[in-house]
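Let me begin by presenting the structure, written as structure tokens, before commenting on it.
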Amino acid sequence: MRVRVGLFAALLLLAACDRPADAPVEESSQASGDEASGDDLLMPEDEEGQGGFAFDEDLLLEGAESLSDQAPPAECVGATAEEASAESHPRILRGLVLAPQGKLAHRTDLLELLIPSAHAAPLEGELPVADARVALYEGDARGEPAGEPLIETISDRAGQWCVRLPDGVAFGPQLLLVASAGEHRLRRPVLHANDLDLYSQPEALLRLLIEEGLTLDALSTPTYLNLDVMAQSAVDLIEPVQVEGTSGLESLLARLHKTMAEDARLKEAIARLYAE
């Protein structure tokens, strides 16, 4: 997993370290000595009646690194205790669900629990999503789940999930992970047991390839990996795509799609696939 520390969070942490020991501490609404609970990271409905919850940025970033470190590993569905505790196991699939502002659905009440994290996400502003359904499917040629899930779980408070790849199931472009909440979903092919986080870029690439007329049954694992590397560099290094304010998932996916579609290397690679 790539690790990136947000500049704003880093500056806050540095400022906290530089504060003199005798500096006054602001009084909180809680009784002295009480620690803030996870629910205190959320403010009640705003005065303008917008509905749902809004994140208090000061509380969201406060102590983020220590909270993240304390999050235990997610329960691994389908695995034995020995398999789940192994440092590396070829059939254990682990990852995070991440989305803009930590929200995968428009209905904010679905995703109230979030452990803040100073380690960042694939894009700045994509944060862990709690209580998302994560399911493993055999997919069809167009990247849609075929039949019932092979195994499924729910992401925990830190956005983590873990499942065991069932026996007899092979990695490849048509093995799909799907995270869903409300009307939204994030997909990615399971090409190997590493880098299985579910976030915007893999979903945007899958949409682009299907729109371009390519089918997953015609793509080998090395080919898809190559396309994915080009797509990641296009939106992260060459023409960086930013998560904009309170814009939702679909807005971000549309901007990622546009950037990928205009990337010269990716366009050339897709064109070569047509000729084969």
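The values are calculated or read from the model by the stated rules, or taken from the named source; none is laboratory data. The structure presented is a predicted model; accordingly, all values stated were derived computationally and were not measured. Cβ placement follows ideal geometry from the backbone for every residue including glycine, while neighbour counts extend to all protein chains displayed. Please note that ligands, DNA and RNA were not included when accessible areas were found on the heavy atoms of the full protein model with its side chains. Shrake-Rupley method; radii C 1.70, N 1.55, O 1.52, S 1.80 Å.
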Problem set entry | Residue that is surrounded by the fewest Cβ atoms within 10 Å (Cβ to Cβ) [pool: residues in segment 202-213 that are in contact with a helix residue (DSSP H, G or I) (Cβ under 6 Å, 6 or more places away or on another chain) and hydrophobic (A, V, I, L, M, F, W, C)] | L208
For this session: For residues that are modelled with pLDDT of 95 or more, open to solvent by 70 Å² or more (accessible area, probe 1.4 Å) and within 17 Å of E75 (Cβ to Cβ), tally how many sit in segment 132-162.
Result: 3
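Being in contact (Cβ under 8 Å) with a residue 12 or more places away in the chain and open to solvent by 20 Å² or more (accessible area, probe 1.4 Å) is the requirement here; does D217 meet it? Steps first, please.
Working: in contact (Cβ under 8 Å) with a residue 12 or more places away in the chain: yes; open to solvent by 20 Å² or more (accessible area, probe 1.4 Å): yes.
Spelling it out, D217 is indeed in contact (Cβ under 8 Å) with a residue 12 or more places away in the chain and open to solvent by 20 Å² or more (accessible area, probe 1.4 Å).
Kindly evaluate L205 against the criterion of being outside any strand (DSSP E or B), at pLDDT 95 or above and over 17 Å from L98 (Cα atoms).
Working: outside any strand (DSSP E or B): yes; at pLDDT 95 or above: yes; over 17 Å from L98 (Cα atoms): no.
No.
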For this session: Within segment 238-250, work out how many residues are touching a residue at least 24 places away in the same chain (Cβ under 8 Å) and open to solvent by less than 60 Å² (accessible area, probe 1.4 Å).
Result: 5
Seminar exercise, completed: For segment 84-95, the count of residues that are modelled with pLDDT of 95 or more and either within 14 Å of S200 (Cβ to Cβ) or open to solvent by less than 40 Å² (accessible area, probe 1.4 Å) (or both) equals 3
Problem set entry | Boolean, V235 is open to solvent by less than 40 Å² (accessible area, probe 1.4 Å), in contact with a helix residue (DSSP H, G or I) (Cβ under 6 Å, 6 or more places away or on another chain), under 20 Å from D195 (Cβ atoms) and assigned to a loop (DSSP other than H, G, I, E, B) | no
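Any residue in segment 176-187 that is in a loop (DSSP other than H, G, I, E, B) and at pLDDT below 95? Even if it seems obvious, please write down each step before you answer.
First, the residues of segment 176-187 that are in a loop (DSSP other than H, G, I, E, B): 182-183.
Keeping just the survivors that are at pLDDT below 95 gives 182-183.
Looking through segment 176-187, at least one residue is in a loop (DSSP other than H, G, I, E, B) and at pLDDT below 95.
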